[in-house]
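Take a look at the structure below.
The values are calculated or read from the model by the stated rules, or taken from the named source; none is laboratory data. Every value quoted in this text rests on a predicted model; they were computed, and no experiment measured them. Here Cβ is always computed from backbone atoms with ideal geometry, including for glycine, and neighbour counts include all displayed protein chains.
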Amino acid sequence: MKNTFKEKLLIFKVRHEKDQDAYGELYDYYVAKIFRFVMFKVRLVEDAEDITSEVFLKVWQYIRTTDKKIKNLNALFYQIARNAVIDYYRNKKRTEIQISDQEQYQKIIESRDLIKELDQKIDTKNIEFYLEKIKDEYREVLVLKYVEQYSVNEIAGILKKTKSNVRVLVHRALKSLRDVMGN
């Protein structure tokens, strides 16, 4: 997805005028999406908030310090978020993480097509169990496709893969999820 005119204008204001209000508009638009994406990866609200803040700081610094044209701001946010999560796990030995606040978890995943379909078969508590059973790469593509509702083309940009690879990945991820669910 290419940048909208408004995004281009906001990027220009941040880069050349150091306009914090313009960046605030970008923040307001992306914060919930990035937080949800990170939350699905790290499972702890406090860590997800920290990583999300770090992502927005890095995007701010990138916009202000690079002269490169930002072709897809959405992909930039998700790529930086993805890298921040990778750094998080590099710096912290991965342990089994449980979400202590089931209500918060429910808000994150409710009203999405895949989750609704799964919710008909199993309760919300088990969704996390099944998603944890599939490969990280599969879980990531399912979150982008069915929770964030990105197109295959947009996911390809975020993951830096071809559209064909993303389609195959989605197919394999769904098959893997069905397999672990016993269907």
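Candidates Tyr105, Tyr146: the one that is part of a helix (DSSP H, G or I) and either among the basic types (Lys, Arg) or at pLDDT below 65 (or both) is Tyr105. Cβ separations smaller than 8 Å between residues 6+ apart or across chains give the following pairs from segment 65-87 residues that are touching a residue at least 12 places away in the same chain (Cβ under 8 Å) and assigned by TED's automatic domain parsing to the domain that holds Glu25 to residues that are among the acidic types (Asp, Glu) and in a helix (DSSP H, G or I): Leu73/Glu7; Asn74/Glu154; Ala75/Glu154; Arg82/Glu140; Ala84/Glu54. Residues of segment 45-61 that are in contact (Cβ under 8 Å) with a residue 12 or more places away in the chain and surrounded by 15 or more Cβ atoms within 10 Å (Cβ to Cβ): Val45, Asp47, Ala48, Ile51, Thr52, Glu54, Val55, Phe56, Lys58, Val59, Trp60.
Scanning for something of a type in the set (Phe, Trp, Tyr), under 30 Å from Leu131 (Cα atoms) and at pLDDT below 85, does segment 51-61 turn up at least one residue? No, segment 51-61 contains no residue that is of a type in the set (Phe, Trp, Tyr), under 30 Å from Leu131 (Cα atoms) and at pLDDT below 85. Could you tell me whether Tyr130 is in a helix (DSSP H, G or I), at pLDDT below 85 and touching a helix residue (DSSP H, G or I) at 6+ places or on another chain (Cβ under 6 Å)? Against the criterion (in a helix (DSSP H, G or I), at pLDDT below 85 and touching a helix residue (DSSP H, G or I) at 6+ places or on another chain (Cβ under 6 Å)), Tyr130 qualifies. Any chance segment 56-78 includes a residue that's more than 25 Å from Lys161 (Cα to Cα), basic (Lys, Arg) and outside any helix (DSSP H, G or I)? No, segment 56-78 has no match at all.
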